[in-house]
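The next block holds one structure in the form of structure tokens; read it before the comments.
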Amino acid sequence: MSNLFVKPDALFKILTEQRSIGLKLFYVGMGRSAEHSFYTRSLPSANLLNLHEFTESSPNLFTTPSPTLFNMMMKKLNILDESDVVLYNGISTAKAWFIMKYYGHPSTRILCGGIKEWNQKGYPTTSHKTPIDYTSIAHDTFTAKEPNEDMLIDYHEVLQKIGRNEVQIVDVRTEDQYCSKEHNGRGHIPGAVNIPYSQFYDKNGFMKNREEINELITLVGLDKSKETIAYCHGGVTACIGYSAFDEVGFDKLRMYDGSWAEYSSKEETREL
């Protein structure tokens, strides 16, 4: 796999060979339950990254943060320009990775298989918090990059893209949501194809390899050379699709941050 992922064996080796200076390891969670889960069992030296704090408060759920909020969170988490960041846990991990990529942090990876695979390997866990050493934080050691605006697309631009031959829209919600069989389904953006985000993972919880992802996109008829827009319900699992497409070399990828929560709330789209 590419530098997007790190496997448990490789991470354990880094941690045990004292090559982890500069490594920042984070359990990524959402809301009040994140703290409980993190303190119950986490990887040694890990800290908590709560996506609720890392994203903007808005009606559109987990909106990518402003430069000001991103800067504040990076300093709070003591992430430096030279830090190697490893993220783990569930579906929220891809959103945190997306935000880091959006703001140009040079080294952010996801732990393949998360804590489940880590446990299956027999590697140690802890129930104790590893406090961030705030006394060591130098506020001039992190430099926020200009955000890569091309990675995001807003509601008005999505409307303009619908029906264009050079654009493909991918809905990564479940099939039932896509087909209006769940309470928050009510259909999908016109012309969107459905690849449920779970299809990007194998039975062990690993992101599928490039060959398997390529087979999946061939099956649904996606074209890597076209502009590709990923969306979900609230801008979180869309980042799983985005990361998978990024892994296999799509030319122009974008993520609709507002996703279905925003799109379906608009009067002009309710009858589409």
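The values are calculated or read from the model by the stated rules, or taken from the named source; none is laboratory data. Please read all numbers here as calculations on a predicted model, not as lab measurements. Please note: Cβ atoms are built from the backbone with ideal geometry, for glycine as well, and neighbour counts cover all protein chains shown.
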- Task: State whether one or more residues within the stretch 201-209 are at pLDDT 95 or above, outside the structural domain of S92 (by TED's automatic domain parsing) and of a type outside the set (S, T, Y).
- Result: no
- Matching residues, the stretch 184-208, being within 17 Å of the chain's Cα centre (by Cα) and part of a loop (DSSP other than H, G, I, E, B): I195, P196, G205, F206, K208
- Can you give me the number of residues within the stretch 30-49 that are under 23 Å from L80 (Cβ atoms) and modelled with pLDDT under 90? 3
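Here is a yes/no grid of residues against (1) outside any strand (DSSP E or B); (2) within 24 Å of D257 (Cβ to Cβ); (3) touching a His at 6+ places or on another chain (Cβ under 8 Å):
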| residue | (1), (2), (3) |
| --- | --- |
| H36 | yes, no, no |
| L49 | no, yes, no |
| H52 | yes, yes, no |
| F70 | yes, yes, no |
| L80 | yes, no, no |
| L87 | no, yes, no |
| A94 | yes, yes, no |
- Task: Keeping to the stretch 257-272, report how many residues are buried (at least 24 other Cβ atoms within 10 Å of the Cβ) and either in contact with a Lys or Arg (Cβ under 6 Å, 6 or more places away or on another chain) or not in a loop (DSSP other than H, G, I, E, B) (or both).
- Result: 2
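One line per residue, one yes/no per condition, for (1) surrounded by 13 or more Cβ atoms within 10 Å (Cβ to Cβ); (2) more than 18 Å from Y155 (Cβ to Cβ):
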site	(1), (2)
H188	yes, no
I195	yes, yes
S198	no, yes
Y201	yes, yes
M207	yes, yes
L216	yes, yes
K224	yes, yes
D246	yes, yes
D251	no, yes
- Item | Number of the condition not met by I132 [criteria: (1) buried (at least 17 other Cβ atoms within 10 Å of the Cβ); (2) modelled with pLDDT under 85; (3) not hydroxyl-bearing (S, T, Y)] | (1)
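Quick grid of which residues meet (1) hydroxyl-bearing (S, T, Y); (2) assigned by TED's automatic domain parsing to the domain that holds D246; (3) at pLDDT 95 or above; (4) farther than 19 Å from E149 by Cβ:
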| residue | (1), (2), (3), (4) |
| --- | --- |
| L69 | no, no, no, no |
| M73 | no, no, no, yes |
| N89 | no, no, no, yes |
| F98 | no, no, yes, no |
| H105 | no, no, no, no |
| G113 | no, no, no, yes |
| N119 | no, no, no, yes |
- Going through the stretch 150-172 one residue at a time, which ones are within 30 Å of S107 (Cβ to Cβ), touching a helix residue (DSSP H, G or I) at 6+ places or on another chain (Cβ under 9 Å) and assigned to a helix (DSSP H, G or I)? M151
